[in-house]
Amino acid sequence: MKHKLKMTVRELYARLLFHTGLHAVVNAVMPRRLTILAGHCVSPSPSSEHLPAEMKIDVAKLESILGWFKSRYSMCTVGEGVTELAKSNGKSLVALSMDDGYRDNHRVMQPMLQKLGIGATVFLEARALDERRVNWSHKFFWILTKVSIADFIHRYGELCKDERTYHVANQYVTEGRDDPVYQFKRLLKYETDPHDRDRVIDLVFAELGGDETKLADLLYVTWDEARAMQAAGIELGGHTISHAILSKLSPDEQAREIGGGRDALVKQLGREIPTFAYPWGRRWDFDEHSEAAALRAGFKTAVTMHAGTNRPDTKPTRLHRLAIDENAKLHLLVAEACGGFALAAKFGLKLSE
Ligand SMILES: [Zn+2]
């Protein structure tokens, strides 16, 4: 109930700021900030078709959000934004970032950005480009284009060594719980042995005729396309080799994932790569070893998936971002970007997500 009340107040406050024009007043009085939007895929596109709504945003919707900000804020890449924020004066900054390196970023988003005349940052999962391999979550979503979630869980249970995962997942379906796809994915992500999960998903993927190279070609840009994005003003950043949950790895393994991903980018793109995004990006997905490894690898900044905006004193390895997807609401993004939620927090009202 408390949460529901908070969400209602948050919604009303954001609408008030947005529709009365008060956001401009707040933006003028609040200290300058960098807002980083975070998305994955742009639709309509073949690469985003079978992915869930929280992983994609319609290109026209994204264009209207960026267009709104462009006329009022300084648009930048993540790297430019951090550098610019350290300077004393100027408008507040807004950067668009997209994770993983989906092909639609090049084919659909890049022309839209060029039309608007703005850049963005795309974080690349190096193995997908180097070896045309996809991480387990993409095989998971692909499998669900072939069989129902109930059938998938049933087959998973027959093949896996971890009976608990099967039983919990099966309950989601038999008890008719909300969003069993999300719940099963969460279970596979955090609560099962990753080697067993990968083995079973590989088996089911193969049984259903899955072709990993073909799926990688559908989903991810090639290095040539990455270079084309770079030439069009898109900054490319690191996102590890294989999109592993860093906090589950040893410090050495983390260093290999983060540093190896950066080496691949430097080799292929031949430029300074200042920015990094933690895979999955929640605070339990990375730890202090990940932060240290990112800096040691040569990254200057690292972005998370924790909501909020950034000020010059925000820790450079814990930059905040605002997720954008099909359900993104401009008034909520604006309330964050103008400093509206930061202002409310000064009065003890925590409205940021
Ligand atoms: Zn990612």
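The values are calculated or read from the model by the stated rules, or taken from the named source; none is laboratory data. Computed from a prediction, not measured in an experiment: that's the story for all the values here. Reconstructed Cβ throughout: ideal geometry from the backbone, glycine too, with neighbour counts over all protein chains shown. Each accessible area value is taken on the protein alone, full model and side chains, heavy atoms only, with ligands, DNA and RNA left out. Shrake-Rupley method; radii C 1.70, N 1.55, O 1.52, S 1.80 Å.
Within the stretch 323-353, being of a type in the set (Phe, Trp, Tyr), open to solvent by 40 Å² or more (accessible area, probe 1.4 Å) and in a helix (DSSP H, G or I) holds for no residue. For the stretch 178-211, taking the residues that are in a helix (DSSP H, G or I) and in contact with a Lys or Arg (Cβ under 6 Å, 6 or more places away or on another chain), the one that is surrounded by the fewest Cβ atoms within 10 Å (Cβ to Cβ) is identified as Asp196. Applying a threshold of 6 Å to beta carbon distances and a minimum spacing of six or more residues, or different chains, the list of pairs starting in the stretch 253-282 at a residue that is at negative phi and assigned by TED's automatic domain parsing to the domain that holds Asp224 and ending at one that is of a type in the set (Ser, Thr, Tyr) and away from the ligand (no atom under 16 Å from the Cβ) reads Thr275/Thr301.
Take the conditions (1) open to solvent by 60 Å² or more (accessible area, probe 1.4 Å); (2) among the small types (Gly, Ala, Ser); (3) within 16 Å of the ligand (Cβ to nearest atom); Ala231 misses just one of them, which is (3). Condition test on Asp263, is it modelled with pLDDT of 95 or more, charged (D, E, K, R) and under 28 Å from Gly21 (Cα atoms)? So Asp263 does not fit the description; no. Of all residues assigned to the stretch 293-308, at least one qualifies as being without any contact (Cβ under 8 Å) to a residue 24 or more places away in the chain, of a type in the set (A, V, I, L, M) and part of a helix (DSSP H, G or I). Looking across the stretch 295-317 at every residue that is within 18 Å of Glu257 (Cα to Cα) and in contact with a Ser or Thr (Cβ under 6 Å, 6 or more places away or on another chain), the one that is farthest from the ligand (Cβ to nearest atom) is identified as Thr301.
For the stretch 241-287, taking the residues that are crowded, with 18+ Cβ neighbours inside 10 Å and aromatic (Phe, Trp, Tyr), the one that is farthest from Arg197 (Cα to Cα) is identified as Phe276. Quick one: is Ser290 surrounded by 16 or more Cβ atoms within 10 Å (Cβ to Cβ), polar (S, T, N, Q) and not assigned by TED's automatic domain parsing to the domain that holds Ser74? No: the conditions fail for Ser290. In the condition set (1) among the small types (Gly, Ala, Ser); (2) within 16 Å of the ligand (Cβ to nearest atom); (3) in a helix (DSSP H, G or I), Gly237 is compliant with all but (3). Restricting attention to the stretch 150-165, the residues that are open to solvent by 30 Å² or more (accessible area, probe 1.4 Å) and within 28 Å of the chain's Cα centre (by Cα) total 1. Checked against (1) over 17 Å from the mean Cα position of the chain (by Cα); (2) within 16 Å of the ligand (Cβ to nearest atom); (3) at positive phi, Gly101 passes all but condition (1). Taking the stretch 61-171 as the region of interest, the helices (runs of 4 or more DSSP H) fully inside it that hold 3 or more residues being outside the structural domain of Leu265 (by TED's automatic domain parsing) and not aliphatic (A, V, I, L, M) are 136-143, 149-159.
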